[in-house]
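For reference, the structure is listed below as structure tokens.
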Amino acid sequence: MADLERLRALLDAELRSGCGDRALAGGLDDFLRLQARGEPPGAPLLRMLRHLPAEGYRSLAPPERAAWVRRAIATIEHASPHPPTPSPRGAGRGGAKRPTDGGPRVAGRGATPHPPAPSPRGAGRGGALGRPPRAAIAELPAGAGALELPLAQAGLRIGSAMVERFERLGVHTVGDALRYYPYRHHDFTRAVPVTQLRVGVEQTVHGTIDRVQEVRMGRAGRMRSTEAWLSDESGTRVQLIWFNQPFMARQLAPGARVAASGTVSAFRGRPAFHNPELERTDERGAHTGRLVPVYHLTAGLPQRRLRDVLATLLARFAERLTDLLPKAMRERHALLPLVDAVRQAHYPDSAETLAAARRRLAFDELLAIQVGVVGRKRVWQAQGDAPQLDARPAADAFCATLPYALTGAQRRALDDVLADLARPVPMARMLEGDVGSGKTVVALAAMLGVVAAGAQAVLMAPTEVLAEQHFRTICTLLSGEPAPPLHGLVALPFLPRTLRVVLLTGATRARERRDALDAIRHGGAQIVLGTHALIQGGVEFERLALAIVDEQHRFGVMQRSALREKGGSPHLLVMTATPIPRSLALTVYGDLDLSVIDELPPGRVPIETRWLPPERRHEAFAALRAEVVAGRQGFVICPLVEGSDAVSSRAATEEYERLRTREFPELAECIALLHGRMAAADKERAMAAFAANEAAILVSTAVVEVGIDVPNATVMLIEGADRFGLAQLHQFRGRVGRGDQPSVCFLLADDPTPEAEERLSLVARTRDGFALAQADLELRGPGDTFGTRQAGLSSLHVASLLDAQLIATTRWEAEQLLDADPGLTAPEHAGMRVLVARLEHDVLAEIH
């Protein structure tokens, strides 16, 4: 059997030593493999090893090792016997004690009743769950250790097929099941008479089943369904239909008292319920008369079956939950005890107790994120000394050579960056600015200041298109010439020697790559631009002092860390043109200081945005033709590269041919195509032709979302606009309006839903990128909008990133906590270590 006590000691030593795999001679991997021999399925050590890559612990980067070690320590702590958590005496005045016999609680103020027992009828043909044998209960691990039990060992009468369905939902253990919260509740407390049913509204009726029968529907009667009639106290009847569910006819009988809930449909001119949620009100333990949970499902797992299993586990194991928050913190914010919060999240007594439960659970999730990001920032700044650089003289000298003055917002942002560079603590700053606000100039000024101080700077972009655009833009700003100078060499009066700018991407030819790598290694290249190729093996810097990541929401935490490790302790500046709502800035990007460029350079003409329905799409192409005839240029954006049978939307390759052969045949030679699947040389030719006005129309996919800067472009047509998010549409239209001519962006969609039409109308009437970003966050969530899946936010079960007040509260608590106990080593903070380790585990699981 694994020696968990010795393993815990080794892991503590590994964490203290910086996770360099030096806690044991030969490394941890051999010890772990030896200890795992003969361990039973579901053993704590095997669960730890499941989250390591096949190459083992040694293959992880130090940040990944630290996250795994903390998670492993938390697993060991869970596996160790814990005394039962004492029941808090009274949640508020008149609070009731929990009975020791597991019976119903007296519902005083703040009291939480046990969830109802599973229905004796079970869920369809699965039968009743019933209680496990007494011996099975006796063999359960003591205390919180039982929460780590796999479902198959939790005393449930469910087979392997049902366990597999739960695992598809991410429910592997008892603890996972308790944390599998409903996404909404059926409110059976608000029933209406049948006469007051309204089509399209979610409502509930109580009554008696008058008639029930299996019926055949569909073509040739192949769909076996159930039809029933329910009458309320007035005798008024409503039809209930369960499509493709013939078993419902066997579960119901005339005379049964039920509650039916769902969205009211219309059938033959009368209100009806199609596939309603049904609860028996004449059975012991029925859920009706209260808020009943509704969970996300998977194939083969009906709602009632899922609900019964979770209710059984909740009644049996909820008392074993350990409250991980310090008592003083819970009292300071009037938070429910964890056991009460979990129970009320599933089976609330009222809408008020549900809100209180969700607030408590959201607090836990957001606090873990805040401790993680604040801690990461402090670790970043504590690791080694950053070079102190007086970058201001050269930065100011460069700004003086520009044909325009920086805006006030640009000046403030540059001052922030230069002040950070002058400190020995590594900078960790985000530079945020709307499209066209001038972030690149600020970044270049900082890079030149670093070069003047005798060091190197690197800028990493997420795509080759953007990296190449940065190379051209920077070379043009430095040399004043439209084409990059030979070998990227530029002589500047305020630098002591000739500056060399190099570009390194995955498409760089072998000979050019060798030359670039040699120049980077020996300091011959002072400014390095590229893609993820910069963090691959073989790239070594002589003296890297500033690392810049552009469009940083497209990079994961580990990629940013890998770039930093190329230079020891360089300063880090990350940039984004996607406006970030404050709530997201305090969570996903909470480890970064923030500078915002919130004004556009003078002379920028506002972009008109128009949403055109399908019957008016010809107006957009007429406007594009007029602009091209007048000597200006335009974009046509498509959501797909090639046509697809699975997705009904316009494709760039097909639209390119259509424009050349049908829409603008006289301009066929002036239309270029750009998409991500093209060879690097072909992309370069297309972009160069458009930048030089040799191509008047560029048909492209989303690769032009950022990085294309053509002041002569005045028209943007976005095909399939309903397939893009609001923030992304805002980025697209930022590709025009960069000169002194009026510009317009047309939003086109062939068959948009009413919801999509409203979203497109919102883009058309809103120019504020921050307002659109907030709306996108509300509509689509952080993962789709801002690419934050790697930040752990897709693992949030309850918390909302729209709750700015709770986010600010947990931020303050995290800073106070880490000020008092930076390593969370105090006994009263053991629970916080578990919360943070659980979050880091989720992050690593998503990255791998």
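Structure notes:
- Leu489 paired with Glu642, simple spin-label distance in nm, labels 7 Å along Cα-to-beta-carbon: 4.5
- A Förster radius of 25 Å combined with the Cβ-Cβ distance from Arg521 to Asp385 puts the calculated FRET efficiency at roughly 0.65.
- Isotropic mean projected area of the C-alpha convex hull, the stretch 224-316 (nm²): 7.3
- Qualifying chymotrypsin sites (Phe, Trp or Tyr not before Pro) for the stretch 331-433 [loop in DSSP, other Cβ within 10 Å: at most 14]: Tyr404
- Unit charges on C-beta of K, R, D, E only; dipole of the stretch 400-455, Debye: 80
- Cα gyration tensor shape of the stretch 352-427, rounded if a/c is under 1.5, else prolate or oblate by comparing a/b with b/c: oblate
- Potential extension, Asp768-Gln741 segment - 0.36 nm per residue separation minus Cα distance: 7.7 nm
- Applying 1/(1 + (r/R0)^6) with r as the Cβ-Cβ distance of Glu540 and Thr825 and R0 = 45 angstrom yields a FRET efficiency of 0.80.
- Full-extension gain in nm, Arg509 to Glu167, via 0.36 nm per residue minus C-alpha separation: 118.5 nm
- Ignoring aspartates and glutamates fewer than eight residues from Lys327 along the same chain, the ones with Cα atoms less than 15 angstrom from its Cα are Asp340, Asp364, Glu813, Glu828.
- Inter-label distance, nm, simple model (7 Å from Cα along the C-beta direction), His274/Ala299: 2.2
- Computed E for Asp3/Ala680 - FRET, C-beta separation, R0 51 angstrom, nearest 0.05: 0.40
- Inter-label distance for Gln213 and Tyr404, nm, one decimal - labels placed 7 Å from Cα along Cα-to-Cβ: 7.7
Every number in this text was worked out from the coordinates using simple rules, so none of it is lab data. Quick caveat, the model's predicted, so the values are computed rather than measured. Positions of Cβ are backbone-derived with ideal geometry, glycine not excepted, and every protein chain shown enters the neighbour counts.
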